[in-house]
Amino acid sequence: MTVYIDPPTWPGHGRLWSHLVSDSSYAELHGFAARLGCPPRAFDRDHYDLPAEHYAAAVRLGAVEIGSREVVRRLTAAGLRRRKRHRPASVR
């Protein structure tokens, strides 16, 4: 049971972001995020969005650094990947 984090390379809202994921359960991920001080609103389908300034704290707490593609691979292998649903253009 491990929590992983990718590098803060994802831009949004004037900041860079990382993704925090678990390879075993959402319960493990939510517990880790709570210890890190992440607000529940930072959870997005299957991961937490973590701003770059909190990256080092996550690693100190035990998150394992991996690449972004590896994040997706581990989520998929664990059966925890939740893809974004795409709405038809006519519904948007």
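The values are calculated or read from the model by the stated rules, or taken from the named source; none is laboratory data. As the structure is a computational prediction, the values presented were derived from the model and not from experiment. Using ideal geometry, Cβ is built from the backbone for each residue, glycine included, and neighbour counts are taken over all protein chains shown. The protein model used for the area step is the full one, side chains on, heavy atoms only, and it has no ligands, DNA or RNA in it. Shrake-Rupley method; radii C 1.70, N 1.55, O 1.52, S 1.80 Å.
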Worksheet item: Can you pull out the residues in segment 71-85 that are more than 12 Å from the chain's Cα centre (by Cα) and assigned to a helix (DSSP H, G or I)?
Response: R73, T76, A77, A78
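Given the criteria within 17 Å of V71 (Cα to Cα) and open to solvent by 70 Å² or more (accessible area, probe 1.4 Å), does T2 qualify? Before you say what the answer is, go through the steps one by one.
Values: within 17 Å of V71 (Cα to Cα): yes; open to solvent by 70 Å² or more (accessible area, probe 1.4 Å): no.
No: the conditions fail for T2.
Quick check: anything in segment 36-45 part of a strand (DSSP E or B), in contact (Cβ under 8 Å) with a residue 40 or more places away in the chain and surrounded by 12 or more Cβ atoms within 10 Å (Cβ to Cβ)? Explain how you work it out, then say what you get.
Taking segment 36-45 as the starting set, the residues that turn out to be part of a strand (DSSP E or B) are 43-44.
If we keep only those that are in contact (Cβ under 8 Å) with a residue 40 or more places away in the chain too, we end up with none.
No: zero hits.
Of everything in segment 42-54, what is of a type outside the set (S, T, Y) and either on the phi > 0 side of the Ramachandran plot or under 12 Å from the mean Cα position of the chain (by Cα) (or both)? Give them in sequence order. Even if it seems obvious, please write down each step before you answer.
Initial filter on segment 42-54 (of a type outside the set (S, T, Y)): 42-47, 49-54.
Across segment 42-54, the qualifying residues are A42, F43, D44, R45, D46, H47, D49, L50, P51.
Here is a check on your reading of the model: is H54 in a helix (DSSP H, G or I), touching a Gly at 6+ places or on another chain (Cβ under 9 Å) and of a type outside the set (A, V, I, L, M, F, W, C)? Give the derivation first.
Working: in a helix (DSSP H, G or I): yes; touching a Gly at 6+ places or on another chain (Cβ under 9 Å): yes; of a type outside the set (A, V, I, L, M, F, W, C): yes.
Spelling it out, H54 is indeed in a helix (DSSP H, G or I), touching a Gly at 6+ places or on another chain (Cβ under 9 Å) and of a type outside the set (A, V, I, L, M, F, W, C).
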Item to complete: Starting from segment 1-30, keep only residues that are assigned to a strand (DSSP E or B), then list their pairs with residues that are open to solvent by 50 Å² or more (accessible area, probe 1.4 Å) and basic (K, R) whose Cβ atoms are within a distance under 7 Å, requiring at least 6 positions of separation or different chains.
Response: Y4/R74; V21/R74
Worksheet entry | Residues that are surrounded by 12 or more Cβ atoms within 10 Å (Cβ to Cβ), farther than 10 Å from A78 by Cβ and of a type in the set (A, V, I, L, M), drawn from segment 21-35 | L29, A33
